[in-house]
Amino acid sequence: MSNVYDVLEERGYIEQGTHPEEIRELLGKESVTFYIGFDPTADSLHVGHFIQIMVMMHMQKAGHRPIALMGGGTGMVGDPSGRTDMRQLLTREMVKKNVQSFKKQFSKFIDFSEGQAIMVDNGDWLLDLNYVDFLRDVGRHFSVNRMLSFECFKSRLEKGLSFLEFNYMLMQSYDFLELYRKYNCKLQMGGSDQWSNILGGVELVRRADGGTVYGLTFKLLTTSEGVKMGKTQAGAVWLDPAKTSPYDFFQYWRNVDDRDVEKCLALLTFLPMEEVRRLGALEGAEINKAKETLAYEVTKLVHGEEEAKKALAAAQALFSGKGTSQDIPFTEIEKAKIEAGIDVLTLLMETGLIASKGEGRRLIQQGGLYLEEERIEDIGLLITTELFKNDKIMFRKGKKVYHEIRLVKK
């Protein structure tokens, strides 16, 4: 069986490690307990988290034991890494609610049965700490000068770094010490923006307990231009189907830049690398086949095979003339409301296709809003029942966002 370190390296996950050769040797000779932390800053995981989940799945498949650490404690403070300003502080009730949502989502990806994986909340040990004891036992091991040299703090000094945020590294480092003591956890993994926090934990375990542990970071999910993926005009691409529908999730991956297809296939699917390279090498119109495969495989992992098939059928109905259109996003509107008279901007706001009338006006002025295949040029266009065929009408926003209106009698 191949070493999972080599698998992660070949697929492009690994950014840097504290001791790469020793980590590879360790992963090749024993089952290693490792952890990745997730601060509950929202009520759903998003695409940015999915890279970390994929790493956990690869590691578990190779026989290692994941600890999914929920940040019920650290989430009360907020990580300054990668931030230009202070995060909005959450109440304890909000953090608890978000942690419960995370736990439910994680069970779809990681096998927690019979000790195969562990899920814990750092609020269990952080929220009841005695502050003076914490400073004496943990704070004494940290050099302020060294902490200020880390990018996560250095980049914030001019704009202002709160003392609250300055404590975050100590809290995350203490997590590693706690998990090392309780579960013999030897490896912390995380995104490349977590490097300084991970180093803090490795050093604390060594100084406090004389233990040898390791840190490994992986690349953030970015486009070929270096922009974080998983953001749209409507906001983040969530893993919760109630926040980002399986169809919209599918469409996000179907529409990635040609240059990002091979990387996304390697990082976000379990397709063999030979197939990843073959699909990534396609050019011209053929690359759309690779994008369709990418969208299907990622949607299948996140939302299940049935939802992936439905999203694929809907996409093919729109773009290829294949399949059926029953899974295209739609809104049902009472026929009486149309008969009473409704303008296009009001109607599209009700469907959620536009967030505001201002957005709708800009779209029309820029030529980006269509009724069936006709470009809408009149901002005050009145939508009447005569425009509907079989009580259905299709709107298009830009080149690829479709939404159907269906009339119903109530």
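The values are calculated or read from the model by the stated rules, or taken from the named source; none is laboratory data. Here the structure is a predicted model, which means the values were calculated and not measured. Every residue, glycine as well, gets a Cβ built from its backbone with ideal geometry; the counts of neighbours run over all protein chains shown.
Just a few scattered comments:
- Scope the range 47-89; condition under 18 Å from the mean Cα position of the chain (by Cα), of a type outside the set (A, V, I, L, M, F, W, C), within 28 Å of CYS264 (Cβ to Cβ) and at pLDDT 75 or above; matching residues: GLY48, HIS49, GLN52, HIS58, GLY71
- Restricting the range 10-63 to residues that are closer than 24 Å to HIS303 by Cα and among the polar types (S, T, N, Q), the residue that is surrounded by the most Cβ atoms within 10 Å (Cβ to Cβ): GLN52
- When we screen LYS389, LYS409, LYS357 for residues that are over 16 Å from PRO329 (Cβ atoms) and touching a Leu at 6+ places or on another chain (Cβ under 6 Å), the only hit is LYS357.
- Residue within the range 133-146 that is of a type in the set (S, T, N, Q) and modelled with pLDDT under 85 present: yes
- Count of the range 379-400 residues which are in a loop (DSSP other than H, G, I, E, B) and touching a residue at least 24 places away in the same chain (Cβ under 8 Å): 8
- Answer residue from the range 326-352, given it is in contact with a helix residue (DSSP H, G or I) (Cβ under 9 Å, 6 or more places away or on another chain) and assigned to a loop (DSSP other than H, G, I, E, B) and is surrounded by the fewest Cβ atoms within 10 Å (Cβ to Cβ) among those: GLN326
- Residue selected from the range 353-378 under the condition of a type outside the set (A, V, I, L, M) and assigned to a loop (DSSP other than H, G, I, E, B), by the criterion surrounded by the most Cβ atoms within 10 Å (Cβ to Cβ): GLY368
- LEU271 vs. criteria part of a loop (DSSP other than H, G, I, E, B), at pLDDT 95 or above, within 23 Å of the chain's Cα centre (by Cα) and not polar (S, T, N, Q): yes
- Answer from ILE364, ILE338, ILE376, ILE383 - the residue that is in contact with a strand residue (DSSP E or B) (Cβ under 7 Å, 6 or more places away or on another chain), of a type in the set (Val, Ile, Thr) and within 28 Å of TRP253 (Cα to Cα): ILE376
- Number of positions in the range 165-211 that are assigned to a loop (DSSP other than H, G, I, E, B) and under 24 Å from HIS49 (Cβ atoms): 3
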